[in-house]
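Asker: I have a structure I would like to understand better, so I am pasting it below and will then ask my questions one at a time.
Any read-out appearing in this document is the output of simple, stated calculations on the displayed coordinates, not a laboratory observation. Predicted model, so just to flag it, every value in this text is computed and none were measured. For neighbour counting, all protein chains shown are included, and Cβ atoms are generated from backbone atoms with ideal geometry for every residue, glycine included.
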Amino acid sequence: MANTYTQIYIQVVFAVSGRQNLLSKEHKEELHKYITGIVTNQGQKLIAINSMPDHVHILLGLKPDSALSELVRDIKASSSKFINERRWVRGKFGWQEGFGAFSYGHSQLESVIHYIQNQEQHHRRSSFRDEYLALLEKFDIQFDQKYVFDFADEQTAHAAPTGLG
């Protein structure tokens with residue numbers, strides 16, 4: 001579209017089904033390159049990516065004519081197939097339903113990139129569950145705990161806002 005200028009920055013977070021620790025360090029770089037290819041092939045810009053054994057963080061520069069949910073659906077479907085074809089896990093690999101998406105301004109990019117790149121250090125102090133719930137609260141996103149990622153092993157370890165308003 002002529003005369004349309006945008007900068008839309010979104011951090012996307014999604015988890016392995018059942019929050020299992022299935023993403024190995026051994027295959028991390030290859031998985032990141034594959035996901036980068038998916039994003040690039042859809043005409044979007046991948047700014048930062050990092051994964052832990054049970055979840056992924058991606059910082060995107062998103063074009064305004066794109067649907068974020070379709071992009072994330074494609075990333076998750078294609079990367080699941082990629083992991084399964086390579087037999088990186090026993091059984092069938094899959095991502096949990098849903099994802100988190102958090103928007104940022106240009107002036108915040110450096111700190112978000114640093115945060116994503118330093119996930120290993122961050123998770124020495126904080127669990128993925130705590131991290132994700134903190135993001136939801138920081139961005140004032142109302143949620144119902146039963147619909148947040150499958151935290152079966154930590155069911156109600158921490159109180160969180162409920163209700164979808």
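Asker: Straight-line reach from Lys63: which aspartates and glutamates fall under 19 Å, measuring Cα to Cα and dropping same-chain residues less than 8 apart?
Answerer: Asp74
Asker: Hey, how many Å between the Cα centroid of the stretch 1-53 and the Cα centroid of the stretch 80-139?
Answerer: 9 Å
Asker: Sticking with this one: Karplus couplings for the stretch 56-69 from phi (6.51 cos²θ - 1.76 cosθ + 1.60, θ = phi - 60°), rounded to Hz, Gly and Pro as x?
Answerer: Ordered by residue, 3J(HN,Hα) equals 10, 10, 9, 9, 10, x, 9, 6, x, 8, 10, 9, 4, 4 Hz.
Asker: Additional query: Roughly how big is the chain's charge dipole about its Cα centre, with Cβ charges of +1 (Lys, Arg) and -1 (Asp, Glu), in debye to the nearest 20?
Answerer: Numbers: 18 positive and 19 negative charges, 97 e Å.
Charge dipole of the chain: 460 debye, to the nearest 20.
Asker: Please sort 33-45, 50-62 by packing, taking for each peptide the average over its residues of neighbouring beta carbons within 10 angstrom, highest first.
Answerer: On the way: 33-45: 14.8, 50-62: 21.1.
Descending mean neighbour count gives 50-62, 33-45.
Asker: Oh, and also: Can you give the relative contact order of the chain as a percent, counting alpha carbon pairs under 8 Å and 6+ residues apart? If you can, show how the numbers build up before the last one.
Answerer: Details: 207 pairs, mean separation 48.2, N = 165.
29 percent.
Asker: Taking amide H atoms as placed 1.01 Å from N in the peptide plane, list the residues 5 or more away in sequence, or in a different chain, whose amide H sits under 5 Å from that of Ile47.
Answerer: Leu59, Leu60, Gly61
Asker: Which ³J(HN,Hα) values in Hz, rounded to whole numbers, follow from the phi angles of the stretch 79-95 under the Karplus curve 6.51 cos²θ - 1.76 cosθ + 1.60, where θ = phi - 60° and Gly and Pro get x?
Answerer: 6, 4, 4, 4, 5, 5, 5, 8, 6, 6, 10, 6, x, 9, 7, x, 9
Asker: Quick one: grab the alpha carbon gyration tensor of the stretch 8-154, order the square roots of its eigenvalues as a ≥ b ≥ c, and give me rounded if a/c is under 1.5, else prolate or oblate depending on whether a/b is larger than b/c. Walk me through the numbers on the way to the answer.
Answerer: Details: a/c = 1.39, a/b = 1.07, b/c = 1.30.
Taking the square roots of the gyration eigenvalues as a ≥ b ≥ c, the stretch 8-154 is rounded.
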